[in-house]
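One structure is given here, and the rest of the page talks about it.
What follows is calculated from the coordinates using simple rules that are stated; it is not laboratory data. Not measured: the values here are computed from a predicted model.
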Amino acid sequence: MADRNKIIKTLADAATMVLPKEARTRARKRIRARLLLNRSRQGDVIVVSRPKSGRTWLRAMVSLLYARRYGLAENELLEFDNFHRANPAIPTYSFIHGQGLDEILDAEPSPAWMGGKKLVFLVRNPLDVAVSEYFQSTRRASAVKREMHGVDEDISMFDFVMESPQGLRATVPFMNDWLRRVEALGIDAIMLRYEDLRADPQAGLKQLTEFLGAEFTDEEIAAAVAGTEFEVLKEKERTNFYNNARLSARDPSDPDSFKVRRAKVGGYHDYFEPQEIAAMEAYVAARLSPVFGYREPPPATESGTQA
């Protein structure tokens, strides 16, 4: 499914190239939304998050758990149904960022196809998300994606965070909307905070596997965490261990081009002047639901595991 979707997106990007900019952007977003919808319909587990919320790290941990339990290749990442095809005991996973599904789900707020699924809502402090997205958009993203998301690669980091369609203007409403959406769907769901996973990854991974009804021992969970620690995962990216574009370095000489970049909780403090930090934190405090626990500025911590 993942390879098929990639092929469809590549063909769609080529076919729409002749259209005016606004028309091809709309067409590409519409096609991607339909692909997300189809994947969500067919997945047993749906993982929803904004980009740069730790999804790749979570994917790597869960992949390693299944690989070691069922004797699969450890250099493969979960890609929808690849693990399920290798062993039907493993559920299919739909990792989605959710953009584009909003209008579809708003028109069908309680779709029947959601019944029986498990939904994981992965969140992270939107300020750290926005900074990480800045590096993703300016160092890793293709020209097609930058155009589709309206990103100027020469934009300053502060302007990106505050004004870009990929900054806080997108991240905060996304989190609020999906919080409301998850509650309205009334399905089996769990919210995982990146910061909690970072503080105690074994407890967070165990919480996730128990929610999914998967029985892994504490030893298996500890081994999966150890195999995806920050430095370990960064080295795997540098050497293209997974042979997967999701986790391969764009420029091994540029640490900010890595998918596994810093993994620092509250790391946004390192990039801005005090008045800029105050403005960003005020924006979040005024608009983000208090349910997430991000309306009070967090202390920065040292690097850990994030992708």
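Brief remarks follow.
- HN-Hα J in Hz across segment 62-68 - Karplus 6.51, -1.76, 1.60, θ = phi - 60°, x for Gly and Pro: 5, 4, 5, 4, 5, 4, 6
- Reachable lysines, given that their alpha-carbon falls under 28 Å from the alpha-carbon of LYS118 and they are not under 8 places away in the same chain: LYS6, LYS9, LYS29, LYS52, LYS206, LYS259
- Gained length - ASP152 relative to ALA226, 0.36 nm times residue gap less alpha-carbon distance: 22.9 nm
- Across segment 194-201, computed HN-Hα scalar couplings (Karplus, 6.51 cos²θ - 1.76 cosθ + 1.60, θ = phi - 60°) run 4, 4, 5, 4, 5, 5, 8, x Hz from first to last residue, x flagging Gly and Pro.
- Close amide H partners of MET191, meaning residues 5 or more places away or on another chain with modelled amide H under 5 Å apart, are PHE121.
- Shape analysis of segment 1-84 places it in the prolate category; the axes a ≥ b ≥ c from the Cα gyration tensor give an a/c of at least 1.5, with a/b above b/c.
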